[in-house]
1. Tell me the residue from Pro70, Pro77 that is surrounded by 13 or more Cβ atoms within 10 Å (Cβ to Cβ), under 12 Å from Ile118 (Cα atoms) and at pLDDT below 90, please.
2. So in the stretch 510-551, with the set limited to residues that are among the aliphatic types (A, V, I, L, M), out of contact with any helix residue (DSSP H, G or I) (no Cβ under 7 Å at 6 or more places or on another chain) and in a strand (DSSP E or B), which one is nearest to Pro114 (Cα to Cα)?
3. So, in the stretch 111-138, exactly how many residues are open to solvent by 100 Å² or more (accessible area, probe 1.4 Å) and among the hydrophobic types (A, V, I, L, M, F, W, C)?
4. Looking at the structure I just gave you, is Gln521 surrounded by 19 or more Cβ atoms within 10 Å (Cβ to Cβ), touching a Lys or Arg at 6+ places or on another chain (Cβ under 9 Å) and modelled with pLDDT of 85 or more?
5. Give all pairs with beta carbons closer than 8 Å in which a residue from the stretch 275-296 that is within 20 Å of Ile233 (Cβ to Cβ) meets a residue that is assigned to a loop (DSSP other than H, G, I, E, B) and not polar (S, T, N, Q); count only pairs at least 6 apart in sequence or on separate chains.
6. So, in the stretch 485-507, of the ones that are under 25 Å from Arg540 (Cα atoms) and of a type in the set (D, E, K, R), which residue ends up least open to solvent (accessible area, probe 1.4 Å)?
7. Conditions first: (1) over 31 Å from the mean Cα position of the chain (by Cα); (2) open to solvent by 10 Å² or more (accessible area, probe 1.4 Å). Asp529 passes all but one, so which condition is the exception?
8. Among Asp546, Asp529, Asp454, which is the only one that is among the acidic types (Asp, Glu), on the phi < 0 side of the Ramachandran plot and free of Cβ contacts under 8 Å to residues at least 24 places away in the same chain?
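The values are calculated or read from the model by the stated rules, or taken from the named source; none is laboratory data. Quick caveat, the model's predicted, so the values are computed rather than measured. Because the Cβ atoms are built from the backbone with ideal geometry, glycine has one as well, and the counts that use them run over all protein chains shown. When the accessible area is computed, the model is the full protein with side chains, heavy atoms only, and any ligands, DNA or RNA have been set aside. Shrake-Rupley method; radii C 1.70, N 1.55, O 1.52, S 1.80 Å.
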Amino acid sequence: MLILESRNNTRAWPVSKFMLTGLFIFCCLKGMAQAPVIQSYVDTASIRIGQQIRFSVLVEVDSSSSVIFPDGQTFSPLETVEAFQTDTTRKKDRMTLEKMYALTQFDSGTYVLPTQRIEIDGKGYFTDSVEIAVANVPVDTLTQNLYDIKPLIQVEKDDARLWMILGFVLLALLVAGGGIYYFFFRKKTMTEEEKEALLPPYDRALLELRRLENSRYLIQDEYKKYYSELTAIVRSYLEEEVHVFALESTTDQLIDKLELMKDSGELNLTEDTIIQFKKILQTADLVKFARSKPVASVAEDDRKSVEQIVIKTKEALPEPTEEELMQQGAYQEVLARNNQRRKLYIVAGSALSVIVLAFVISISYFGFRYVKDSLLGNPTKTLLEGEWVNSSYGFPPIHLETPEVLTRQEDSLNSVVRNGGGDVQAFAFNSQEGVFSIGASSTTFSKPEEPKFDETIEGQLKKLEEAGARNIITKKEEFITTGGVKGLKVYGSCNFAMPDSNGFAKGSYLILLFGGNGFQQQITISWLDDDPYAEEMAERIQRSVDVKAQV
């Protein structure tokens, strides 16, 4: 008998050993009840090539637990088609999580679905492995004939990008042409002032005199403005039609010039007309400078007299000779040709300015080399911007994204790669310009042995030397594909022998090696260092690499 004493009470309570044992067992059972429960199962263990299986993981944990299911290519050699949403069911303080995956395989054989790690509250739990049988699809060769593999078909390249560029260029030219037409060739609607300015001096002078007649200057006693405009009209006419400096001359100077022209026969005006014109100018001077104010009828008569002087002056001018008319016509033709030439220069200059501006903007944004290669063409740039191909090569398959389809090659690998015999499937693409090339090969050994990467690397470097490469520099590091498969990356630089000359060009090479028990996979890429498009293609190909982890 055990005695439990209370600090706040002097009484003692007897406790049975059986009660303590029962309490301990209850606590243990409660702890065991809270442990996670994990189950996994597949809907079938036998499928045909390309069919799918459903792999489900059922986890029962506390409602407060954190559960992380596997994700990505963790089911290799099976491929993940789809990972469905997690189905959650809650019951009191427990919850049941069910995660389903759709898996498939495109090669026949027996595969082991590996154990999967389920992380619960930071602790890992593992499912059971399952053996899956993948069977070939039966082909009835008796009732259906077998045919050879069809050859590659040349597909016309998509010219959508080219048409888009041409569309933008056409739009820019249309905008430039519209601007040139609007500002230089469009027939503008002339105002009344512009139309009046185009009239001959004689017609314009008469029009201005009639407008002065209808003015309100005399009604408002604005004689100074009236006579200023009257003398300006007649002086401007004489300067344009008679070719005398009338606007800047005083009254006496202007009259003296007219008398000299009369005496020389250049202007057939009568003496009375010149005297009358002199009186009008003197009256105007008195009004403008001496603040004289003539009678309104006198001012009106002076306007009529000026109108008669303009008419008589027009009649007094000698008629131009035929030679002068011909010279004037030739002069007008020269002016027309010069005007037309000036418009052409403006159009050509505007178009050239648009082209130069577009060229400068393109160079500042894309760089000079990109613009030059876009205009003149570059083989590797064409490959980079063309339609790329996603495909798998050999067995075990190598998945690559390449600018062109790799074509099957004769077995040209070094014998070191296929030591002990075996099957080699090689594919390659070689650009006709430069030394850009892509190679992919899968090798299955006749014996279950690990690949010898060092010998493979030595063989590849020897092939570079045999091709004329010099100063080969080699580096190594680990490479991980998009599917999480680890491999070896061998890369470096060297001087490639140029095929069309006796010189060398600095370039780079890349070798990716993968493999396992009984097989090896290899990818090689080479390019010139001064070709940024080739380097970008090599990086894009590396990002697309994916291989099978086992045969």
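1. Within the list Pro70, Pro77, the selection yields Pro70.
2. Per the criteria, the residue is Val547.
3. Final tally of qualifying residues: 1.
4. Spelling it out, Gln521 is indeed surrounded by 19 or more Cβ atoms within 10 Å (Cβ to Cβ), touching a Lys or Arg at 6+ places or on another chain (Cβ under 9 Å) and modelled with pLDDT of 85 or more.
5. Between residues of the stretch 275-296 that are within 20 Å of Ile233 (Cβ to Cβ) and residues that are assigned to a loop (DSSP other than H, G, I, E, B) and not polar (S, T, N, Q), the close pairs are Thr283/Pro294; Val287/Lys293; Val287/Pro294; Ala296/Leu218.
6. Lys489
7. So Asp529 meets the others, but not (1).
8. Asp454
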